[in-house]
Amino acid sequence: MVLIFVDHSDSEIKKSSYEVLSYGAALAEKLGTSAEALLLGAVKDDLATLGNYGVSKVHQVSNDALNNLDAQVYARAVADAVTSLNADVIVFSHNQTGKAVAPRVAARLKAGLVAGAVALPDTSNGFVVKKNVFSGKAFANVNITSAIKIISLNPNSFQVKQTGGTASVEQLNITVSEPKVKVTSVNKVKGEVPLTEAEIVVSGGRGLKGPENWKMVEDLAHELHAATACSRPVADAGWRPHHEHVGQTGIQIAPNLYIAIGISGAIQHLAGVNRSKTIVVINKDPEAPFFKAADYGIVGDAFEVVPKLTDEIKKL
Ligand code: FAD
């Protein structure tokens, strides 16, 4: 059986979970087995509707300790669920949760893990999973040889497919360990869309000269229902908060559309954004390296181009 880990935050199922459900369902079909989902904690969503993404059953472990992510508690619960349900393959999203939980589950179950898969496994000769390496510069094909196999799927690697089905929902009785740390308060980040879940990201670099000029980035992001991001020097200078910093040493994202304004396109920046489906670059220097990675480029002064772009989008 293929068991798909359904991730959530703020009592809502994360968008990345639907992609992982579709991937897990396609994998189960390929292996001739069933696809089932595992949800730890509680969400507002009706779990039966997850059947629409190809799973026949949803196993829920209801326990207040699971309503927020604690990687150690989650890993133990997932590992126990896998043993109790006799799952052969476990699929996570390669998001913050998957990155924290999947390796711990693999260690507990002595299972092989491919982190950052980009396609369904080739099962013609083993269980060979294609993954990104060197920050998306190359691919590696990795054969998982252990009995239990774990895959974390790179966001935006697989088409979400709706099947029209409904799933049965069952409570799974496993012992949930006591968290060793306690969250005492949460300060929510201001912003319309969380960066890691955003379909569209509007990002600014040092070319914007100072924090006082970010209003035009925010205005464009607002019109596009996008999240905002920035290059590292911008966060280091305190122009923007560090949680917006994308790149090799920041957050790695893969939105459908990434708009880079006044960012040169250094390799360390590209490492965090080059899996975006479409990249639009606005830079006044036609030689800026980012243009080589761009699908669309505008050579021009951001202070002229961006307000015009926002005005045009407002008219749509
Ligand atoms: P700049 O390189 O200064 O580029 C500014 C750009 O704006 C230029 O291309 C310029 O032509 C353009 N511009 C100027 N004025 C305008 C205008 N009016 N209109 C339009 N365009 C204009 N960087 C990251 O971003 N993320 C990382 O995770 C990261 N990790 C790193 C890790 C290491 C170990 C190291 C050594 C570096 C790392 N860096 C990272 C830094 C990276 O190498 C670059 O220095 C950085 O990305 C440059 O940021 P920038 O493009 O905003 O600034």
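The values are calculated or read from the model by the stated rules, or taken from the named source; none is laboratory data. Keep in mind that this is a model prediction, so the values were computed, not measured. All Cβ positions, even for glycine, are placed from backbone atoms using ideal geometry, and neighbour counts span all protein chains on display.
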Odd one out for residue 261, checked against (1) within 8 Å of the ligand (Cβ to nearest atom); (2) surrounded by fewer than 22 Cβ atoms within 10 Å (Cβ to Cβ); (3) of a type outside the set (Lys, Arg): (2)
Index of the failed condition, residue 276 passing every other in (1) surrounded by 14 or more Cβ atoms within 10 Å (Cβ to Cβ); (2) touching a Lys or Arg at 6+ places or on another chain (Cβ under 9 Å); (3) closer than 18 Å to residue 221 by Cβ: (2)
Filter result for residue 217 (more than 11 Å from the ligand (Cβ to nearest atom) and over 25 Å from residue 310 (Cα atoms)): no
Matching residues, region 224-256, being more than 9 Å from the ligand (Cβ to nearest atom), in a helix (DSSP H, G or I) and either of a type in the set (Val, Ile, Thr) or in contact (Cβ under 8 Å) with a residue 12 or more places away in the chain (or both): 224, 243, 244
Residue list for region 287-307, filter: more than 9 Å from the ligand (Cβ to nearest atom) and loosely packed, with under 13 Cβ neighbours inside 10 Å: 292, 295, 296
Among (1) at pLDDT 95 or above; (2) over 26 Å from residue 42 (Cβ atoms), the one test that residue 170 misses: (2)
Members of region 266-286 found to be in a loop (DSSP other than H, G, I, E, B) and near the ligand (Cβ under 7 Å from one of its atoms), listed by number: 266, 284, 285
Subset of region 287-298 [touching a helix residue (DSSP H, G or I) at 6+ places or on another chain (Cβ under 8 Å), farther than 21 Å from residue 219 by Cβ and of a type in the set (A, V, I, L, M)]: 293
Criterion violated by residue 188 - all others in (1) away from the ligand (no atom under 16 Å from the Cβ); (2) touching a helix residue (DSSP H, G or I) at 6+ places or on another chain (Cβ under 9 Å); (3) of a type in the set (D, E, K, R) satisfied: (2)
Residue match in region 199-208 (condition: away from the ligand (no atom under 16 Å from the Cβ) and touching a Ser or Thr at 6+ places or on another chain (Cβ under 7 Å)): no
Strands (runs of 3 or more DSSP E) wholly inside region 1-117 containing at least 1 residues that are closer than 20 Å to residue 143 by Cα: 2-6, 89-93, 112-117
Among residues of region 1-52, those that are buried (at least 21 other Cβ atoms within 10 Å of the Cβ), closer than 23 Å to residue 255 by Cβ and of a type in the set (Gly, Ala, Ser), counted: 4
